[in-house]
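The values are calculated or read from the model by the stated rules, or taken from the named source; none is laboratory data. Predicted model only: the values in this text are computed from it and were never measured. Cβ: placed from backbone, ideal geometry, glycine included. Neighbour counts: every protein chain shown.
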């Protein structure tokens with residue numbers, strides 16, 4: 001298989017296992033490219049990509065921008081905070097104005113779930129969802145899967161624990177879909193108040209004891225508490241959360257085996273994870289950042305139909 005079964009990347013839910021493997025294999029080739037002295041390839045030289053970020057983002061935005069430039073695409077950056085959206089312009093108006101400039105692809109982050117799907121039904125350009133509210137964040141799940149595969153050799157049969165604020169996390173949902181399609185077992189762990197009501201319908205194990213989750217898993221993916229999405233208090237205090245669900249070096253060293261530590265970032269050091277764990281030899285957090293560029297290059301390349 002050399003082509004994706006889908007025209008856009010709206011969510012992992014829409015991808016087949018073959019699609020995911022094609023993206024991961026293509027990303028492997030691009031990882032070689034970005035480690036060469038000359039890091040650019042002319043693959044998307046005549047393609048124009050608009051990055052539309054209606055929500056603040058540092059890492060994802062920089063990662064996409066770098067991926068686009070490494071592929072020699074023309075890039076337009078758009079931040080809603082400094083645009084006419086502030087003046088009441090609608091999403092369709094904004095995008096139509098950008099499309100009038102003859103854009104081929106749109107990478108969009110938006111606070112509303114389903115925004116990327118909505119857009120894909122109204123415009124001709126290829127859409128990449130860079131995160132829609134608390135719904136999905138497909139490229140993060142793909143780069144997480146790529147990082148696990150790189151570290152452990154395969155994903156099939158591996159046990160992955162996703163720990164923290166599952167309720168507000170688009171990373172958790174995309175990861176669950178992606179890892180299950182690749183044959184991994186998935187467990188979620190966190191306070192009862194931060195578990196979605198539908199969680200059992202996703203076929204994952206649910207655990208509320210951090211130590212038990214860590215003893216079970218091969219890989220622990222630590223999520224941050226998304227205070228910006230929380231309109232009510234889900235737990236008494238950050239200090240109490242850290243005591244029950246924060247990962248520190250003593251806890252890590254007390255386990256009966258060595259596990260791999262991941263984090264999608266940004267890290268709240270001292271809350272869900274301490275600095276000595278984040279910076280330890282069991283952590284692949286910086287590998288995730290590097291792999292993000294290669295995976296996003298693969299996604300853009302494949303959606304452009306250049307494979």
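The residues in the stretch 63-83 that are modelled with pLDDT under 95, surrounded by fewer than 17 Cβ atoms within 10 Å (Cβ to Cβ) and either within 23 Å of the chain's Cα centre (by Cα) or farther than 20 Å from residue 132 by Cα (or both) can be counted, and the count is 4.
Yes/no per residue for (1) in a loop (DSSP other than H, G, I, E, B); (2) out of contact with any strand residue (DSSP E or B) (no Cβ under 7 Å at 6 or more places or on another chain); (3) assigned by TED's automatic domain parsing to the domain that holds residue 21:
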{"site": "257", "(1), (2), (3)": "yes, yes, no"}
{"site": "266", "(1), (2), (3)": "yes, yes, no"}
{"site": "271", "(1), (2), (3)": "yes, yes, no"}
{"site": "276", "(1), (2), (3)": "no, yes, no"}
{"site": "297", "(1), (2), (3)": "no, yes, yes"}
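In the set (1) without any contact (Cβ under 8 Å) to a residue 24 or more places away in the chain; (2) outside the structural domain of residue 258 (by TED's automatic domain parsing), the condition left unmet by residue 132 is number (1). The set of residues from the stretch 9-51 being touching a strand residue (DSSP E or B) at 6+ places or on another chain (Cβ under 9 Å), assigned to a loop (DSSP other than H, G, I, E, B) and closer than 20 Å to residue 146 by Cα comprises 10, 11, 15.
Across the stretch 52-62, the qualifying residues are those that are outside any loop (DSSP other than H, G, I, E, B) and surrounded by fewer than 17 Cβ atoms within 10 Å (Cβ to Cβ), and the one among them that is modelled with the lowest pLDDT is 59.
Looking only at strands (runs of 3 or more DSSP E) that lie completely in the stretch 137-213, which have at least 3 residues being within 24 Å of residue 16 (Cβ to Cβ)?
Once the strands (runs of 3 or more DSSP E) in the stretch 137-213 are filtered for at least 3 residues that are within 24 Å of residue 16 (Cβ to Cβ), what remains is 159-163, 185-189.
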